[in-house]
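The values are calculated or read from the model by the stated rules, or taken from the named source; none is laboratory data. Since we're looking at a predicted model, the values are computed, not measured. Backbone-built Cβ (ideal geometry, glycine too); neighbour counts: all protein chains shown. Note: accessible area is taken over every heavy atom of the protein model, side chains too, but ligands, DNA and RNA are not part of it. Shrake-Rupley method; radii C 1.70, N 1.55, O 1.52, S 1.80 Å.
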Amino acid sequence: MAAVATAAPATPARGAGKTRSARTANIVLVLLAACFLLPLSWLLAASVNADATYELAVPTTLTLENFAAIMTAQQTFIPLLNSFILAVGSALVTVTAAVLAAYPLSRYQMRFKRPFMYTILFGTCLPITAIMVPVYSLFVQLNLLDSLAGTIFFMGATFLPIAIWMTKNFMDSVPVSLEEAAWIDGASSMKALFYVVLPLMRPGLAVVFIFVFLEAWGNFFVPFILLFSPDSQPAAVSIFRFFDEYGGVAYGELAAFSILYSLPVIVLYIVSRALGGSFALSGAMKG
């Protein structure tokens, strides 16, 4: 007589173990959320508190005096404009150079392609502090210190390695057969790139542009070294004007300035999420 095998019922100990694991995971997530929410809560509360300190406290009376105090050209508008110029300029330089560099790496077979790609990847690992001394000497010799244009090109070059990798991956997803059809119709390689490949890479180019923009917008070290005039410094550097030489800090004005400094990034994120559907890769048909 054949024995019938029956599945053993789940033991209570196993269910209790899963419950404890889920509870531990929830506690860890709550702690991580608190690490982000508490500084943001202080930022919002201090910006509308006339007597703001470094401690998180609910303001007794709400005021906009901190925002009114920083609404000047030298304090806010010129630094934000400089940040915008640096971020947009660096993004345009990086995306343009990355497209021209990624195209032959994506479309042509080269003998030293893999070592070259690894060399580019190694460039992303170099700390910016390791190359600032020779870069500073070069800027002195070329008379480019305190120059927004020179800083834009250098910052664009620092983001280029990772941008080339990202752009090449997006370009690999565009079928080569579309370019071959354009070549048959008499288009050159550059025309096929600009009129066939790039239109299909709009989502990828947008990703690279936004990535470089955000990195350049929050960059402090490079502008701090290369730009020393108050009229040329971006907001990431000018924010230290709220700290005096005796250790005092204008906490309310600092919080208000930080909110204004964060708004472009928040708006860019919201716009990118809202336009996510229109960034879908366009299709193509061969007749």
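Numerical summary
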{"item": "Residue of Leu254, Leu37, Leu205 that the Gaussian network model of the chain assigns the largest fluctuation, springs spanning Cα pairs under 10 Å", "result": "Leu37"}
{"item": "Where Leu260, Leu100 fall by accessible area, highest first, once all protein chains stay in place (1.4 Å)", "result": "Leu100, Leu260"}
{"item": "Calculated FRET efficiency for the pair Phe84/Ser229, C-beta based, R₀ 22 Å, to 0.05", "result": "0.80"}
{"item": "Stretchable slack from Phe153 to Arg23, in nm (0.36 nm times residue separation minus alpha-carbon distance)", "result": "41.8 nm"}
{"item": "Per residue accessible area of the chain, 1.4 Å probe, in Å²", "result": "62"}
{"item": "Given charges at beta-carbon only (K, R positive; D, E negative), |dipole| of the chain in Debye", "result": "1520"}
{"item": "Loop-exposed chymotrypsin sites (Phe, Trp or Tyr not before Pro) per DSSP, neighbour cap 12 Cβ within 10 angstrom, longest uninterrupted part of the chain", "result": "113-227"}
{"item": "Top of Leu105, Leu40, Leu226 by mean-square fluctuation, Gaussian network on the chain, Cα under 10 Å", "result": "Leu40"}
{"item": "Distance in nm between pseudo-label sites at Leu145 and Leu56 (7 Å out along the Cβ direction from Cα)", "result": "4.3"}
{"item": "Stretch gain in nm, segment Phe194-Asn169, where the contour uses 0.36 nm per residue and the Cα spacing is subtracted", "result": "7.3 nm"}
{"item": "At least 30 Å along the helix axis (C-alpha) and Kyte average at least -1.0, DSSP helices within the chain", "result": "12-47, 78-107, 251-274"}
{"item": "Glu65/Ile270 FRET efficiency (R0 30 Å; Cβ-Cβ; nearest 0.05)", "result": "0.60"}
{"item": "Gain on full stretching of the segment that runs from Glu245 to Ile131 - 0.36 nm per residue minus C-alpha separation", "result": "38.1 nm"}
{"item": "Computed E for Gln74/Phe36 - FRET, C-beta separation, R0 22 angstrom, nearest 0.05", "result": "0.10"}
{"item": "The chain: calculated mean residue ellipticity at 222 nm from DSSP helix runs of at least 4, using -39500 (n - 2.57)", "result": "-20000 deg cm²/dmol"}
{"item": "Of all accessible heavy-atom area on the chain, the percent that carbon and sulfur account for (1.4 Å)", "result": "69"}
{"item": "Gyration tensor verdict on the chain (Cα atoms; rounded if a/c is under 1.5, prolate if a/b is larger than b/c, oblate otherwise)", "result": "oblate"}
{"item": "Separation of the Glu180 and Met110 label points, Cα + 7 Å toward Cβ, nm", "result": "2.3"}
{"item": "Nearest-20 debye value, segment 93-227 charge dipole, Cβ charges on Lys, Arg, Asp, Glu", "result": "300"}
